[in-house]
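Reading through the structure tokens given below for one structure.
The values are calculated or read from the model by the stated rules, or taken from the named source; none is laboratory data. Everything quoted here is computed from the prediction, not taken from an experiment. Heads up, the Cβs are rebuilt from the backbone with ideal geometry, glycines too, and the neighbour counts pull from every protein chain shown.
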Amino acid sequence: MSAASPQLDLSGPIDSHCHLQSLDPGDRERALDGARERGVRGFLVPAIRMEQCEEILALCHRHPDVWCALGVHPHDADSWREGDDRRLAELLADPKAVAVGECGLDFFYDHSPRATQLRALREQWRVAVDLGLPAIVHNRESNLEMLEVVREPDFGGLKADFHSFAGGRAMAEELVDRGHYLGLSGMITFPKADNVREVIPGLPPDRFLVETDTPYLAPIPYRGKPNVPAYVVEIAQRLAQETGETYEEVCRRTGENFFRLFSKARAR
Ligand SMILES: [Zn+2]
């Protein structure tokens, strides 16, 4: 069975993680147009905080090629309130909301207390499981704790995109075995990021997504500048170099992966 229905245009890459809400409102439309001119065929905007969700949904409804994930980032886990799980479930009824996120753990910055991060993560994943939606996961310096949550029986049925994945080969293999996906960001173009590229060979190519993580992590040759979704082209090109596929094959395959994982996005 083909993952993507025939009307989906997979001739260019899909930016599976771009925080357009972090750009000035005027720059958002410019960033989308600039990316489309380079052949980018879709955009997924993950929320950071609950109060952004409605604005992000409105942006999605103005553009047939933009979808979103709704949830609370681990940096802002201490903003996750009692009852937010019900509110999140209501917002996720919107056809443009295709995943829960961006949720996760970040023990590098520790902007929210770790116990709070873990509680917000579990509560958001429970919403995802209840609704049969995938999650978009942020994980930094928290591999062991993340894997413990991943292994909890409650989350056996969850499918997630571990975005801007840098967790190393053993974690990549376990996540893929459990049905998860790995998001490859501009880090795969950084000269010193062999530890990020090392997960690519040997893993099934049907589990990779490409993403910019706009406005962060601009790929080479734009490193240090603000990132924009147009630069997902450089990331897909680099992935093609690593796998030996053509650019067109990488776009088609990562696009099929995108619509398989975020299946709500198939109903354009
Ligand atoms: Zn993000």
task: Can you run down the residue pairs with Cβ atoms below 6 Å, 6 or more apart or on separate chains, where the first is in region 133-157 and within 17 Å of residue 47 (Cβ to Cβ) and of a type outside the set (Phe, Trp, Tyr) and the partner is away from the ligand (no atom under 16 Å from the Cβ) and assigned to a loop (DSSP other than H, G, I, E, B)?
output: 134/159
- prompt: Between residues in region 8-30 that are at positive phi and residues that are more than 16 Å from the ligand (Cβ to nearest atom) and assigned to a loop (DSSP other than H, G, I, E, B), which pairs lie under 6 Å by C-beta distance while being six or more apart or on different chains?
  reply: none
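Are any residues in region 59-77 charged (D, E, K, R) and either modelled with pLDDT under 95 or in contact with a strand residue (DSSP E or B) (Cβ under 6 Å, 6 or more places away or on another chain) (or both), and if so, which ones?
Passing the criteria: only 65.
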message: Looking at 198, 249 in this structure, which one is out of contact with any Leu (no Cβ under 7 Å at 6 or more places or on another chain) and more than 21 Å from residue 143 (Cα to Cα)?
response: 249
message: Condition first: within 16 Å of the ligand (Cβ to nearest atom) and touching a Lys or Arg at 6+ places or on another chain (Cβ under 8 Å). Can you find one or more residues in region 34-44 that meet it?
response: no
query: Which of the residues that make up region 208-237 are outside any loop (DSSP other than H, G, I, E, B) and crowded, with 20+ Cβ neighbours inside 10 Å?
result: 208, 209, 210, 214, 229, 230, 231, 232, 233, 234, 235, 236
message: Could you go through region 112-121 and let me know if any residue there is closer than 13 Å to residue 155 by Cα and surrounded by 15 or more Cβ atoms within 10 Å (Cβ to Cβ).
response: yes
query: Could you count how many residues in region 230-250 are closer than 14 Å to residue 183 by Cα and of a type outside the set (Val, Ile, Thr)?
result: 3
- request: Restricting attention to region 45-76, report how many residues are part of a helix (DSSP H, G or I) and more than 14 Å from the ligand (Cβ to nearest atom).
  value: 11
